[in-house]
Amino acid sequence: MEKVIEVQHLSKVYGTHEVLKDIDFSVNMGEVVCIIGSSGSGKSTLLRCINLLEKPSGGQIIYKGENILDDKHDIFKYRTKLGMVFQQFNLFNNHNVLNNCVVGQVKVLKRTPKEAEDVAMKFLKIVGMEQYLKAKPKQLSGGQKQRVAIARALSMEPDVMLFDEPTSALDPEMVGEVLKVMKKLADEGLTMLVVTHEMGFAKEVSDRVVFMDQGVIVEEGSPEQIFNHPTQERTREFLKRTLS
Ligand SMILES: Nc1ncnc2c1ncn2[C@@H]1O[C@H](COP(=O)(O)OP(=O)(O)OP(=O)(O)O)[C@@H](O)[C@H]1O
Ligand SMILES: [Mg+2]
């Protein structure tokens, strides 16, 4: 199996607080990996280190066999290979739905506006937002905004999509529509790394589940292993707390 991203001995320190400790972990092409764990365990920091929104304090990040932390590597180009979806959507509020999905393609990938629109339309259809091209973000529900944010990230045609709790800021009735889109993408073979509190999604959709606690990966395995046969006491306690 081809590894897309490989993290080796990754650490992140804020002041004296070691938020990530010697993290080893990888994502294979076409795989859906869910990261679960309690608040403050370092899940977002790990994603932010992977896309270099944070500078790791130590360790390596290998992208398709190349160490992206060495000085000669083009970080800018690497970032375009990763699509990021945040809890808070982070749409451009002054742009309509279509433009949200077009601007990055034109600016960063140097596509013509026409090419970019065609690509954007393809992904807006996939997320079911093709009826709202002219709408501004403030006219959309949370679930709709998040689906546009997903289409925007996909429009850059990244190798991997990173999601950081994409449904945590949504009203409960809108969680389903976003998870459904994510499941569809997973079924189509997109490589996805998803931080989530949605245990049903992690159980049903992921190929592998990673459980983090206090800056370390405590346990990882298939959903069946992690949810039905966890070997670590900390995993069992977390699941008991979360699933009850
Ligand atoms: N910029 C920062 N400066 C200092 N400490 C930080 C910073 N960002 C995160 N931390 C600390 O790092 C730890 C891990 O935070 P992180 O946001 O990665 O956790 P998380 O697992 O994503 O939690 P949640 O489920 O609440 O989103 C926390 O103790 C947090 O306070
Ligand atoms: Mg977080």
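The values are calculated or read from the model by the stated rules, or taken from the named source; none is laboratory data. Since we're looking at a predicted model, the values are computed, not measured. Neighbour counts are summed over all protein chains in view; Cβ atoms, including those assigned to glycine, are modelled from backbone coordinates with ideal geometry.
Data for the structure
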{"item": "Checking residue 96 against (1) under 13 Å from the mean Cα position of the chain (by Cα); (2) modelled with pLDDT of 95 or more, the condition it does not meet", "result": "(1)"}
{"item": "Wholly enclosed strands (runs of 3 or more DSSP E) of region 117-223 bearing at least 2 residues away from ligand 2 (no atom under 16 Å from the Cβ), charged (D, E, K, R) and surrounded by fewer than 21 Cβ atoms within 10 Å (Cβ to Cβ)", "result": "216-221"}
{"item": "Among the candidates 36, 75, 5, residue that is of a type in the set (A, V, I, L, M) and in contact with a His (Cβ under 9 Å, 6 or more places away or on another chain)", "result": "36"}
{"item": "Of all residues making up region 14-53, the number that are of a type in the set (Gly, Ala, Ser), within 15 Å of ligand 2 (Cβ to nearest atom) and in contact with an Asp or Glu (Cβ under 8 Å, 6 or more places away or on another chain)", "result": "4"}
